[in-house]
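Below is one structure; the comments refer to it alone.
The values are calculated or read from the model by the stated rules, or taken from the named source; none is laboratory data. Since this is a predicted model, take the numbers as computed values, not measurements. Please note: Cβ atoms are built from the backbone with ideal geometry, for glycine as well, and neighbour counts cover all protein chains shown. Remember, those area values only see protein heavy atoms, side chains included, never the ligands or the DNA or RNA. Shrake-Rupley method; radii C 1.70, N 1.55, O 1.52, S 1.80 Å.
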Amino acid sequence: MPKSLRRRRFSVQATVSLVFVAVVVLAAALATLIAPYDPDHVDLQNVLSGPSWAHWLGTDALGRDLLTRLMYGARTSLIGPLIVVIGSTVLGLLLGLVAAWRGGWIDAVLSRVFDFLFSFPAMLLAILAVALFGKGLFAPVLAMTIAYIPYVARLTRGLVVAERTRPYVQAYRVLGFRGSWIAVRRVLPNVVPTVGAQSTLNFGYVLADLAALSFIGLGVQAPTADWGSMINESRGALMSGALLPTFVPAAVVVLVVVAINIIGEELSDRIGGNFS
């Protein structure tokens, strides 16, 4: 861990957020072991029942246990943003490093590509991808990955341009080290912490976007448990006065996004940047 992240303890808000996110991730990973029911088990005798010892958070319009579906839904709701963040961060780091380090026409071409991608909102790209590849998780994840690459690449490029002027880079050049070795082995590790903090913030944004796509029926499809699709499925129950089937998954989405943003802000402040 960089020294800048070890200078002081995390704030109370960041610590609580870390614990909450860890609990959500653990529940998703151990859902098959700790979930009380099958996520697709239909019990028409307990439709829209309230919290009880048998169903701690109640049931939905088909009598399915909400707590169980939340645990299983965490898998699809978290794996999508994780793939987007990893893919966009790796590709953005590489493209930003190449653009800043090589300069010239390569930098100009890549910068124009980034500007072109910036002109398309992530949600619009995701909807276009669904139209081309069909509904599900693959198309939105692919589109979101492409949409978030320029954000990471632009940040990486700016950081690498600043690093190139530092004395240690010139010292390595004088000692005869190759430019590619300096860029990958010395410059890149210095910009990764800052890019990682931004990617943490991106995780929350992507999670909210993918949940919105599932809500409008373009993401994960029923009966697969997903937080966004759970909100969509419970709209009829909401009109009947049953609040929990809608409120519970919506509250979890909001809390996870807020927790991720708090963690990202904490990392950004410690590293010395503010990228919100």
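Considering only residues that are touching a residue at least 24 places away in the same chain (Cβ under 8 Å) and outside any helix (DSSP H, G or I), look in segment 260-276 and name the one that is least open to solvent (accessible area, probe 1.4 Å). In this case the residue turns out to be Gly273. Determine, yes or no, whether Trp101 is assigned to a helix (DSSP H, G or I), touching a residue at least 40 places away in the same chain (Cβ under 8 Å) and over 30 Å from Ile262 (Cα atoms). When the stated conditions are applied, Trp101 passes them.
Whenever a residue of segment 112-136 is within 22 Å of Gly92 (Cα to Cα), its partners that are open to solvent by 80 Å² or more (accessible area, probe 1.4 Å), lying with C-beta atoms within less than 6 angstrom and at least six residues away or across chains, give the pairs Phe114/Arg154. At least 2 residues being polar (S, T, N, Q) and modelled with pLDDT under 90 is the threshold, and among the helices (runs of 4 or more DSSP H) wholly inside segment 133-251 those reaching it are 188-215, 227-233. Of the residues making up segment 223-259, those that are free of Cβ contacts under 8 Å to residues at least 24 places away in the same chain and open to solvent by 70 Å² or more (accessible area, probe 1.4 Å) are Arg235, Leu238, Met239, Leu243, Phe247, Val254.
For segment 31-50, a residue qualifies if it is within 25 Å of the chain's Cα centre (by Cα) and surrounded by 13 or more Cβ atoms within 10 Å (Cβ to Cβ), and the qualifying residues are Ala31, Ala35, Pro39. Taking segment 131-179 as the range and being within 30 Å of Trp227 (Cα to Cα), of a type in the set (Phe, Trp, Tyr) and open to solvent by 80 Å² or more (accessible area, probe 1.4 Å) as the test, the residues that pass are Phe133, Phe138, Tyr151.
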